[in-house]
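Below is one structure, written out as structure tokens; comments come after it.
Bear in mind these aren't lab numbers, they're just calculated from the coordinates by the rules spelled out. Quick caveat, the model's predicted, so the values are computed rather than measured. In this analysis, Cβ positions are derived from the backbone assuming ideal geometry, glycine residues included, and neighbour counts consider all displayed protein chains.
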Amino acid sequence: MVTYQKWTDDIEKKKAFGYHVTRLSKKAGVPWQVAACAGEIEDKELAVYVLKKIREARERLDPKDYVTRLALGCTGKKKRIITIKEILGEEVFSLLYCDSQRRSKDLAIYLLGE
């Protein structure tokens, strides 16, 4: 059974995470949904660094590379995560938390430039 105290603590944690992600998003110049992938990183400077690497990867991505675009746009989570890992590199990807279907999709949409 969920008590009122547990419920309010959970709400406070979610608010704090949201504020943290908003600050990261503004510093790195990426959308909130993308910054949420790096919201779990404790060090703020490292999180901003990782988000800037994601922004740079988006700028480097060739719009005519149809194989990569198709893999990022696919509905399969595994193929999309493997492609994101190839684009960002293992070092940057290992710091992110985007194992869920929704976060990997948000990151893929951002990388596609849509």
> Among residues other than Gln101 whose Cβ falls under 11 Å from its Cβ, what is the net charge (Lys/Arg +1, Asp/Glu -1)?
Replying inline: +4
>> To make sure I understand, if each residue's beta carbon is the centre and we count other beta carbons within 10 Å, what order do Lys52, Lys14 fall in, fewest to most?
In response: Lys14, Lys52
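How much net charge surrounds His20 when only the other residues with a Cβ under 13 Å from the Cβ of His20 are counted, with Lys and Arg +1 and Asp and Glu -1?
Numbers: positive: Lys13, Lys14, Lys15, Arg23, Lys26, Lys27, Lys44; negative: Glu12, Glu40, Glu42, Asp43.
Result for the neighbourhood of His20: +3.
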> Do any of Lys26/Lys78; Lys13/Lys85; Lys79/Lys105 go past 20 Å between their Cα atoms, and which?
Replying inline: Lys26/Lys78; Lys13/Lys85
> In the chain, which cysteines lack any other cysteine Cβ under 4.7 Å from their own?
Replying inline: Cys74
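Order the peptides 62-75, 15-28 from the highest to the lowest mean number of other Cβ atoms within 10 Å of their residues. List each step's numbers first, then the result.
Details: 62-75: 12.4, 15-28: 15.2.
Ranking the peptides 62-75, 15-28 by packing returns 15-28, 62-75.
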>> Considering all alpha-carbon pairs of region 1-104, what whole percent are spaced by more than 23 angstrom?
In response: 34
